[in-house]
Amino acid sequence: MHQLDLFLLFTQPLDHAGLQYMVSGSVASMIYGEPRLTNDIDIVLHLDARAAATIPLMFPAEAFYSPPEEVMVIESRRGRRGHFNLIHHDSGHKADIYLAGDDPLHTWGFSKRRRIALAEDRSLWVAPPEYVILRKLEYFKEGGSEKHRNDIRGMLDVSGDTLDMAALAQWVSRLGLSSLWEDLTRSDRTRVQTKSLTRATGER
């Protein structure tokens, strides 16, 4: 089974239940940027207490791990940072479920989410690339993992021409990420210039 197809194990039940979600994180950065291996999928989900009670029906215990229903209900009531995990037993793939709550960036992301076709009739909802970049900047600020910077660079290389740079700049400032963004884009510009110079020199 194709890697991206495995992630449909998590998104298709949400589609069938009519729940609003969007894929973010590394899977989204692969769709907008460069491929890499990952066993996790980040999903931002609108989930109230009533819908939380249906998660075990959508992801039955014989195929998936899900937390106790009461835990998901508690998480669904958080205004910010509500979170739980789902794990597919056979593949080991994990879904990190982040609940939308009243986070304004989540609200903006949902207004711009995109339906992306993987192949034939298989598709899923994906967060806009600007949202993915912003969240990865936040994750880098919190943990310092280079994978987030590399994912952002891949997205800039592949999808940079399609980004809403004005919206991205507004959110970067609003979230206090301006210095990180400037450092990354400065090094990215230097990298592109170095590649261009190397290419030009090699052609002579």
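Looking for something touching a His at 6+ places or on another chain (Cβ under 7 Å) and loosely packed, with under 14 Cβ neighbours inside 10 Å - is there at least one such residue anywhere in region 68-86?
First pass over region 68-86, keeping only residues touching a His at 6+ places or on another chain (Cβ under 7 Å): 75.
Adding the requirement that they be loosely packed, with under 14 Cβ neighbours inside 10 Å leaves none.
Among the residues of region 68-86, not one is touching a His at 6+ places or on another chain (Cβ under 7 Å) and loosely packed, with under 14 Cβ neighbours inside 10 Å, which makes the answer no.
Any residue that is under 21 Å from the mean Cα position of the chain (by Cα), farther than 30 Å from Thr162 by Cβ, at pLDDT 95 or above and crowded, with 19+ Cβ neighbours inside 10 Å - is there at least one of those in region 89-101? Please lay out each step first, then the result.
So in region 89-101, the residues under 21 Å from the mean Cα position of the chain (by Cα) come out as 91-101.
Applying the additional criterion that residues be farther than 30 Å from Thr162 by Cβ yields 91-92.
Okay, now just the ones that are also at pLDDT 95 or above, so none.
No, region 89-101 has no match at all.
Give me the residue from region 1-57 that is farther than 19 Å from His106 by Cα and among the acidic types (Asp, Glu) and, out of that set, modelled with the lowest pLDDT.
The residue in question is Asp5.
Which residue pairs have Cβ atoms under 7 Å apart, sit 6 or more places apart or on different chains, and have a first residue in region 140-168 that is under 15 Å from Ala28 (Cβ atoms) and a second that is surrounded by fewer than 14 Cβ atoms within 10 Å (Cβ to Cβ) and of a type in the set (D, E, K, R)?
Gly154/Glu34; Val158/Glu34
The values are calculated or read from the model by the stated rules, or taken from the named source; none is laboratory data. All figures in this text were calculated on a predicted structure; none of them were measured in a lab. Positions of Cβ are backbone-derived with ideal geometry, glycine not excepted, and every protein chain shown enters the neighbour counts.
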